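Quick notes on the structure that follows.
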Amino acid sequence: DVKVTQSSRYLVKRTGEKVFLECVQDMDHENMFWYRQDPGLGLRLIYFSYDVKMKEKGDIPEGYSVSREKKERFSLILESASTNQTSMYLCASLGSFEQYFGPGTRLTVT
Amino acid sequence: GENVEQHPSTLSVQEGDSAVIKCTYSDSASNYFPWYKQELGKGPQLIIDIRSNVGEKKDQRIAVTLNKTAKHFSLHITETQPEDSAVYFCAASESGNTPLVFGKGTRLSVIA
């Protein structure tokens with residue numbers, strides 16, 4: 001079974017803090033994705049990566065950056081957290097057509 | 001870019017009844033249309049998908065239909081059960097290896 005793990009289920013941070021969200025997959029997938037999920041807005045793509053050290057902007061990259069130093073790990077970085085970044089963050093890796101999602105990190109910025 | 005509209009946003013059905021969720025998309029280049037189910041506290045999970053060379057696909061109680069001319073596709077769940085209660089997302093992409101664009105989701109409640 002493919003497993004995608006995210007470092008935290010719940011996270012509370014203060015405005016202005018630098019926040020790291022970690023995602024690890026165990027299936028040697030090349031493509032990985034970060035989404036945020038908000039009520040009534042569905043899943044929106046923040047960044048994705050096709051390979052190590054490669055990254056592409058998704059639909060809402062502003063305020064975020066990513067890092068992919070190893071194939072299995074894809075990190076989402078909030079350089080200076082703001083309250084409008086309070087959300088559920090979902091990581092996914094892509095197998096043969098199917099995206100496998102982690103359980104999500106619910107981030108609250110106060 | 002691609003835009004995916006999903007309706008309804010909420011749906012309540014009696015156990016045993018059928019449920020239908022509909023999506024439309026805007027980009028005629030889209031060829032891959034998956035459906036994901038998200039249960040409480042979990043990430044979305046693929047339940048069925050369809051590619052543009054197929055008009056209908058069925059897997060037990062779940063079926064998906066695709067009308068490429070009209071740019072819409074639908075999820076049909078028959079003989080609904082309480083465990084079908086979840087949020088369902090449709091999505092579209094050019095191929096299975098390009099980023100998905102998701103609809104806003106449908107919260108399905110199956111009432112026993």
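Every read-out reported here was derived from the displayed coordinates using simple, explicitly stated rules and does not represent laboratory data. Nothing here was measured: the structure is a model prediction, and the numbers come from that model. Using ideal geometry, Cβ is built from the backbone for each residue, glycine included, and neighbour counts are taken over all protein chains shown.
Structure data summary
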quantity	calculated
Entirely in segment B:42-98, the strands (runs of 3 or more DSSP E) that have 1 or more residues that are within 10 Å of the chain's Cα centre (by Cα)	B:45-51, B:62-67, B:72-77, B:86-92
Test: B:GLN45 is surrounded by 16 or more Cβ atoms within 10 Å (Cβ to Cβ) and within 11 Å of chain A (Cβ to nearest Cβ)	no
Cβ-Cβ under 7 Å pairs, at least 6 apart or on other chains, segment B:78-99 side more than 13 Å from B:ILE21 (Cβ to Cβ), far side assigned to a loop (DSSP other than H, G, I, E, B) and among the aromatic types (Phe, Trp, Tyr)	B:GLY96/A:PHE97
Strands (runs of 3 or more DSSP E) within segment A:1-84 that include 3 or more residues free of Cβ contacts under 8 Å to residues at least 24 places away in the same chain	A:42-49, A:64-70
Within segment B:1-25, considering residues that are among the β-branched types (Val, Ile, Thr) and farther than 20 Å from B:THR98 by Cα, the one nearest to the chain's Cα centre (by Cα)	B:ILE21
Considering residues of segment A:4-34 that are closer than 19 Å to A:ASP51 by Cβ and not hydrophobic (A, V, I, L, M, F, W, C) only, the residue surrounded by the most Cβ atoms within 10 Å (Cβ to Cβ)	A:GLN25
Residue under evaluation A:ILE46, criteria (1) in contact with a Gly (Cβ under 6 Å, 6 or more places away or on another chain); (2) of a type in the set (A, V, I, L, M); (3) within 9 Å of chain B (Cβ to nearest Cβ), criterion not met	(3)
